[in-house]
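Structure first, then comments.
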Amino acid sequence: MFSPVNTEGSTIVPVVYLYDIVFGGKGITERDAGAGAAVGVVLTLIIIAIYSIMNLTLKDSDLEY
């Protein structure tokens, strides 16, 4: 997140990688909407899995009405 304007491969987060694939970015000259969609689906599945695990572990029945 704190890297200079030309991002290195080790500092790119998944959302920036998705943007670079779909719209083209530094170092990526070809645009590939299918690969971008696949990255988006995988990212969504990871978020859903983390949400489900956190919801099951931190659920407190006394606080929910």
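If you check Thr44, Thr7, which single one turns out to be of a type in the set (S, T, N, Q), in a helix (DSSP H, G or I) and either in contact with a helix residue (DSSP H, G or I) (Cβ under 8 Å, 6 or more places away or on another chain) or modelled with pLDDT of 90 or more (or both)? Walk me through how you get there before you give the answer.
Numbers: Thr7 fails: in a helix (DSSP H, G or I).
None of the other options fit; the residue is Thr44.
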Restricting to the range 10-41, and then to whatever is outside any loop (DSSP other than H, G, I, E, B) and loosely packed, with under 13 Cβ neighbours inside 10 Å, can you tell me which residue is modelled with the highest pLDDT?
Val41
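The values are calculated or read from the model by the stated rules, or taken from the named source; none is laboratory data. Only a predicted model underlies this, so the values are computations on that prediction, with no experimental measurement involved. Positions of Cβ are generated from backbone atoms using ideal geometry, with glycine treated the same way; all protein chains shown enter the neighbour counts.
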